[in-house]
Amino acid sequence: MLTLQSAATGSTARDPILLLGPDSQLQRALAGELHAMRCPLLRADSMQHAIDRASRFGCPPSVLLIPEDSIRPDSFEAQRAELQIRTGSPRLIPIAVGRKPDEKRRSALRQAGIHLALFGRFGRHALRFQINRALSRYATRAPRGDQRAPAEWRTRTYSAGCQKAVRCYSLSIGGAYFVTPRPWIVGTEISLEMPIAGPSRTLDGRILYSKTTGDSDRSNLPSGMAVAFGPLSPRLRKVIGRNLTETRHGLEV
């Protein structure tokens, strides 16, 4: 099978994403999520199949989602180079998807040039987070500033006697981005519940920027608001740091 599924205008991706693998429940779920993210999507059964039919793609892909158990480290670099040549893609960043491999397998994948992953169970925010990383010019560089990781938990935020239910999209020790269709305005002082630190833990923060549906700026983000945390206790910094480390272990080979 080789198909091109177009997405609606306003895609978060500059070029199509190539999703490899035979039809399965996981592949269908990934395709559905990518379509909901308005990403142009190419599909092929395998690397060799994509290479053989590359002339049908039309637009060169820039991100490659590939099942971890289908990767052959000895031949992967050569196949990726050939696929780039045949599609005219200047860069093709792979993301390995599947069960968490052991360290020996991870080492072999890294040597084959694969650094990003979606290992184990992951949600929509982790998928979007990794796609955005792959589309970045700095996909293979070490992160600058506070380490960030995607999150999926729901919580509540409060300001001036009002309450707003939100879902966390990404988290760092310094702050977080929360998904909501009606974000508060920039500069608003808020408090929020931090469920990963216990049911009664709350902390203060301030809105740094917000995005609503239709905003052209930060189009790779869902509608929501970025929050800078106030001073954190050593214990809370440790809890958040541990959560970030555990999450990123499944996002990097």
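The values are calculated or read from the model by the stated rules, or taken from the named source; none is laboratory data. Since the structure is predicted, the reported quantities are computational estimates derived from the model, not experimental observations. Note that each Cβ is placed from the backbone with ideal geometry, even for glycine, and that neighbours are counted across all protein chains shown.
Listed conditions (1) within 25 Å of the chain's Cα centre (by Cα); (2) modelled with pLDDT under 90 are all met by LYS238, apart from (2).
Among the residues of region 95-104, is there at least one that is surrounded by fewer than 21 Cβ atoms within 10 Å (Cβ to Cβ), at pLDDT 95 or above and part of a helix (DSSP H, G or I)? Looking for residues that are surrounded by fewer than 21 Cβ atoms within 10 Å (Cβ to Cβ), at pLDDT 95 or above and part of a helix (DSSP H, G or I), one finds at least one in region 95-104, hence yes. Counted as qualifying within region 154-253 are the strands (runs of 3 or more DSSP E) with 1 or more residues that are without any contact (Cβ under 8 Å) to a residue 40 or more places away in the chain and over 29 Å from ASP15 (Cβ atoms), namely 154-159, 162-171, 189-193, 202-211. Inspect all residues belonging to region 59-68 and state whether any of them is acidic (Asp, Glu), more than 16 Å from LEU135 (Cβ to Cβ) and modelled with pLDDT of 95 or more. Yes, region 59-68 contains a residue that is acidic (Asp, Glu), more than 16 Å from LEU135 (Cβ to Cβ) and modelled with pLDDT of 95 or more. Just to verify a result, which residue in region 114-150, among those that are at pLDDT 95 or above and part of a loop (DSSP other than H, G, I, E, B), is surrounded by the fewest Cβ atoms within 10 Å (Cβ to Cβ)? Checking each candidate, the answer is HIS115.
Taken over region 19-52, the criterion of being of a type in the set (Gly, Ala, Ser) and outside any helix (DSSP H, G or I) is satisfied by GLY21, SER24, ALA44, SER46. Checked against (1) surrounded by 13 or more Cβ atoms within 10 Å (Cβ to Cβ); (2) among the aliphatic types (A, V, I, L, M); (3) at pLDDT below 95, LEU83 passes all but condition (3). When residues of region 174-215 are filtered for being modelled with pLDDT under 95, closer than 17 Å to ARG148 by Cβ and of a type in the set (Val, Ile, Thr), how many remain? Going through region 174-215 one residue at a time, the tally reaches 1. With the structure loaded, tell me whether ILE185 is more than 21 Å from THR247 (Cα to Cα) and either crowded, with 18+ Cβ neighbours inside 10 Å or touching a His at 6+ places or on another chain (Cβ under 7 Å) (or both) or whether it fails that test. Answer is no for this residue.
For region 53-80, a residue qualifies if it is surrounded by fewer than 20 Cβ atoms within 10 Å (Cβ to Cβ) and assigned to a helix (DSSP H, G or I), and the qualifying residues are SER55, ARG56, ASP69, SER70, PRO73, ASP74, SER75, GLU77, ALA78, GLN79.
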